[in-house]
Amino acid sequence: MAIDPASSGDQALLQVSALRVSFATADGELQAVRAVDFSVRSGEILAIVGESGSGKTQLAMALMGLLAENGSASGSAMFQGHDLLGCGQKQMNRLRGSKLAMIFQDPESTLNPYMSIGRQMSEVLEQHRNMPHKQAWLVAEEMLHQVCIDDAHERMRQFPYELSGGMLQRIIIAMALLCQPALLIADEPTTALDVTVQADINRLMLDLRERYQTAIILITHDLGMVAGLADKVLVMYAGQTMEYAAVADLYQRPEHPYSRGLLRAIPQSFSNKLAALQPIPGNPPNPMQLPSGCPFRDRCEYAFADCTATPLLRPARHGGLIACHLDRLPE
Ligand SMILES: Nc1ncnc2c1ncn2[C@@H]1O[C@H](COP(=O)(O)OP(=O)(O)OP(=O)(O)O)[C@@H](O)[C@H]1O
Ligand SMILES: [Mg+2]
């Protein structure tokens, strides 16, 4: 499958081009995202994967218009005829309530501990859909059914502290879906949950994509999780795209040494052709002092003289894109 983002613009729901995010800090400019391109179609699930600090959350925050005050974004992110990076606050507020939704990395910050689940959910519909309170309450309760919450009627009257982590995460997903967004960004939606609940939430996301054709950007540091879930994967390192490929291609024949490193760092059942669990040695570079050339070169076992020059993103054998000077990844 050819997934060159430049060629898929026509049918794309979201087309991101040359997205950069930087922060002004006391020590100078921090470049969190450096010229990333990708596209997502309706009903498609794109996973964005990379180690901590690679810029995944800030990329999402830029798309949602929610960067911190010292942050700024450039490039473009075309979504249903709007450039998300150029929209005013008012337009963004409208889109966020109705067409775009995000599940944040720290779920505690999403729900108000002092309000019942039902009140929080129905307020979303009252505000963004102008629904009368009674109708909003019923629609919210129905959405709890949709995400397979038992006793939805009783849950509506409960407060967040009365519910388990898995239940709260389902409620957050239900809330994000209340206005049937065209695009859902889920930032590490299951990291804090135990494995069986993770599997339930993953099934739920697949189900939602089927039912509503919701496009999903799934952010995770765990390549293992995206195996049965995503259609394509963007592998980020130090704010840059390292590899962009259909999920099956990335698993079967990763072309970037960093992607292969991430695959080797997940349990064997997901990548049975590869050797036992092997974390990638070393740490990502300090974003304030990025090395010249390939940012991965200090940790790459195949680094050679060319790697001191920045590798451009180029077509890969599997039809996706990679940024690597190696002609072919050695077996
Ligand atoms: N307001 C800010 N000011 C300065 N730097 C920031 C700010 N917010 C984030 N950063 C920096 O931006 C970089 C990217 O952070 P980001 O949160 O996107 O990483 P991430 O890939 O989501 O990591 P994780 O997997 O740990 O969630 C980090 O170096 C982070 O410290
Ligand atoms: Mg993050």
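Contact order normalised by length for region 165-232, with contacts defined as Cα pairs under 8 Å and 6 or more residues apart; what percent is it?
Relative contact order here is 38 percent.
If you roll a 1.4 Å probe over the heavy atoms of the protein chains, what accessible area per residue do you get for region 162-227, in Å²?
Solvent-accessible surface per residue comes out at 34 Å².
Go through region 225-236 residue by residue and turn each phi into a ³J(HN,Hα) via Karplus (6.51, -1.76, 1.60, θ = phi - 60°); whole Hz please, and just put x for glycine and proline.
Karplus-based 3J(HN,Hα) across region 225-236 equals 5, 7, 3, x, 10, 8, 8, 9, 10, 10, 9, 10 Hz.
Distance between Cα centroids, region 152-168 to region 279-327: provide it in whole Å.
When both Cα centres are located, 46 Å separates them.
Calculate, in nm to one decimal, what A18 and E123 gain on full extension: separation in residues at 0.36 nm each, minus their alpha carbon distance.
34.2 nm
If each residue of separation counts as 0.36 nm, what is the full-extension length gain between A309 and E154 once their alpha-carbon separation is subtracted?
Separation in residues times 0.36 nm, less the Cα-Cα distance, equals 49.8 nm.
Using a 1.4 Å probe on the protein heavy atoms, what percent of the accessible area of region 204-265 belongs to carbon and sulfur?
Percent of accessible area from carbon and sulfur atoms in region 204-265: 46.
When DSSP assigns beta bridges and you keep just the ones with both residues in the chain, what percent turn out antiparallel, to the nearest 5?
Antiparallel: roughly 60 percent of the beta bridges in the chain.
At 222 nm, what helix-only mean residue ellipticity would the chain give, in deg cm²/dmol to the nearest 500, using -39500 (n - 2.57) for each DSSP H run of four or more?
Counting only the DSSP helices, I get -8500 deg cm²/dmol.
Compute the distance in nm between two label points, each set 7 Å from the Cα along the Cα-to-Cβ direction, one at H145 and one at A68.
About 4.4 nm, to one decimal.
Run the accessible area of region 29-185 with a 1.4 Å probe and give the carbon-and-sulfur part as a rounded percent.
Here it works out to 48 percent.
Compute the distance from the alpha-carbon center of region 84-112 to that of region 219-236, in whole Å.
For region 84-112 versus region 219-236, the Cα centre distance is 23 Å.
Normalised by the number of residues in the chain, what is the relative contact order in percent for Cα pairs under 8 Å and 6+ residues apart?
Contact order relative to length: 21 percent.
What does the accessible area of C148 come to, in Å² to the nearest 10, when a probe of 1.4 Å is used?
Using a 1.4 Å probe on the heavy atoms, I get roughly 90 Å².
Can you give the FRET efficiency for N112 and S164, using 1/(1 + (r/R0)^6), R0 = 25 Å, r = Cβ-Cβ distance, to the nearest 0.05?
Rounded to the nearest 0.05, the efficiency is 0.90.
Might you tell me the accessible area per residue for region 291-331, computed with a 1.4 Å probe and given in Å²?
Per residue, region 291-331 has 57 Å² of solvent-accessible surface.
Taking amide H positions as placed in the peptide plane 1.01 Å from N, state which residues far from A32 in sequence (5 or more) or on other chains have amide H under 5 Å from it.
Sorted by chain and number, the residues that satisfy this are V21, S22, F23.
What's the magnitude of the charge dipole for the chain around its Cα centre, counting Lys and Arg as +1 and Asp and Glu as -1 at the beta-carbon? Answer in Debye, nearest 20.
480
Between 0 and 90 degrees, rounded to the nearest ten: what's the tilt of helix 195-212 against the longest Cα principal axis of the chain?
The angle comes out at about 80 degrees.
How high is the relative contact order of region 115-208, given as a whole-number percent (alpha carbon pairs under 8 Å, six or more residues apart)?
Taking the mean separation of contacting Cα pairs over the length of region 115-208, I get 29 percent.
Heads up, I need the accessible area for Y258: 1.4 angstrom probe, whole protein in place, Å², nearest 10.
Its accessible surface works out to 0 Å², give or take rounding.
Working out 0.36 nm times the residue gap between H133 and Q278, then minus their Cα-Cα distance, what length gain in nm do you get to one decimal?
46.8 nm
Show S76, S292 ordered by accessible area, largest first, where the area counts protein heavy atoms only and the probe is 1.4 Å.
Sorted by accessible area, descending: S292, S76.
Tell me, what HN-Hα J-couplings in whole Hz come from the Karplus equation 6.51 cos²θ - 1.76 cosθ + 1.60 at θ = phi - 60° for each residue of region 78-90, using x for Gly and Pro?
Along region 78-90, the couplings run 7, 9, 6, x, 10, 8, 4, 7, x, 5, x, 4, 5 Hz.
Enter the mean projected area of the convex hull around the alpha-carbon atoms of the chain, in nm², rounded to one decimal.
The directionally averaged projection comes out at 17.3 nm².
The values are calculated or read from the model by the stated rules, or taken from the named source; none is laboratory data. What you are looking at is a predicted structure, and each value in this text was computed from that prediction instead of being measured. All Cβ positions, glycine included, derive from the backbone under ideal geometry; neighbour counts span all protein chains shown. Accessible surface areas use protein heavy atoms only, side chains included; no ligands, DNA or RNA. Shrake-Rupley method; radii C 1.70, N 1.55, O 1.52, S 1.80 Å.
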